[in-house]
Amino acid sequence: MKNRKCQHQRREPSREKTPGRGQGDGRWLEYQLELALHRWGYDVGRNAHVFHEEVDIVAVRQEKQNRPTDWLLAQCKDWAGSRIDVAVIYRLCMMAFTCGAMPVLCHTTELTREAQRVARHWEVRVLTLEDLERGSLPAPNVAKPTADLETYDPPYTAREERGLLPVLFAGEPNRHFGYVPGFKPVGRSHHYQPIDDDAGGE
């Protein structure tokens, strides 16, 4: 584990000598995510505005797959010495949901325990530098490792842990947790399907 951490640190360029890094400057990490998104088949816009609020990246899949991940909204946090708190996750989700997009957080630091919980429950794709080397957009983390030994009941996932909508909304048509209009969640994990389609899904 120690060696892996050292290798990860060697791959990350110096904050002092790398353009776009340093206090209050996130351009380098935004560019790394932009490169990955292009490789994964997205058109990318940086420093976009949602009702006068700036967001780092918006992305649209070039060849639509009829999935919620056809639209992404991402925030990058190239921080040193500070952890990402829950306010960052809530703002990211608000911006993404406003646009009907899936939220993505790309970071070089750590998340607080509460930020991890909210990101998991809201199915935020939380990406590190290593994730940007993957061949496709990673799925969100929806479950935590269990401390139990040799127990085979599957752990609860985010959808089961986060609870239900308010009772007054629960019986109303088309009231469900989702990011993009026209999609509904399917199963225990992170899959979705079009509301007018009884098969398939992400």
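The values are calculated or read from the model by the stated rules, or taken from the named source; none is laboratory data. Keep in mind that what you see is a predicted model, and the values were worked out from it rather than measured. Cβ placement follows ideal geometry from the backbone for every residue including glycine, while neighbour counts extend to all protein chains displayed. We work out accessible area using only protein heavy atoms, side chains counted, and drop any ligands, DNA or RNA first. Shrake-Rupley method; radii C 1.70, N 1.55, O 1.52, S 1.80 Å.
Miscellaneous remarks
- Within the stretch 175-200, residues that are farther than 26 Å from PRO155 by Cα and assigned to a loop (DSSP other than H, G, I, E, B) sit with their Cβ atoms under 6 Å from residues that are open to solvent by less than 50 Å² (accessible area, probe 1.4 Å) and modelled with pLDDT under 85, at 6+ positions apart or across chains, in these pairs: ILE195/GLY182.
- Answer from ALA87, ALA139, ALA36 - the residue that is modelled with pLDDT of 95 or more, in contact with a strand residue (DSSP E or B) (Cβ under 9 Å, 6 or more places away or on another chain) and either over 18 Å from HIS190 (Cα atoms) or of a type outside the set (Lys, Arg) (or both): ALA36
- Restricting PRO166, PRO181 to those that are exposed (fewer than 11 other Cβ atoms within 10 Å of the Cβ) and modelled with pLDDT of 80 or more reduces the list to PRO166.
- Matching residues, the stretch 13-24, being at pLDDT 75 or above, of a type in the set (D, E, K, R) and open to solvent by 40 Å² or more (accessible area, probe 1.4 Å): ARG15, LYS17
- The set of residues in the stretch 114-148 that are in a loop (DSSP other than H, G, I, E, B), of a type in the set (D, E, K, R), surrounded by fewer than 20 Cβ atoms within 10 Å (Cβ to Cβ) and touching a helix residue (DSSP H, G or I) at 6+ places or on another chain (Cβ under 9 Å) comprises ARG134, LYS144.
- Filtered residue count, the stretch 31-66, keeping only those that are closer than 15 Å to GLY135 by Cβ and open to solvent by 50 Å² or more (accessible area, probe 1.4 Å): 3
- The residue that is surrounded by the fewest Cβ atoms within 10 Å (Cβ to Cβ), counting only those in the stretch 82-96 that are of a type in the set (Gly, Ala, Ser) and touching a residue at least 12 places away in the same chain (Cβ under 8 Å), is SER82.
- Checking each residue of the stretch 97-113 against the condition of being within 22 Å of ARG61 (Cβ to Cβ), open to solvent by 70 Å² or more (accessible area, probe 1.4 Å), modelled with pLDDT under 95 and not in a helix (DSSP H, G or I) gives no match.
- When each of GLU123, GLU114, GLU54, GLU110 is tested for being among the charged types (D, E, K, R) and on the phi > 0 side of the Ramachandran plot, the lone residue that passes is GLU123.
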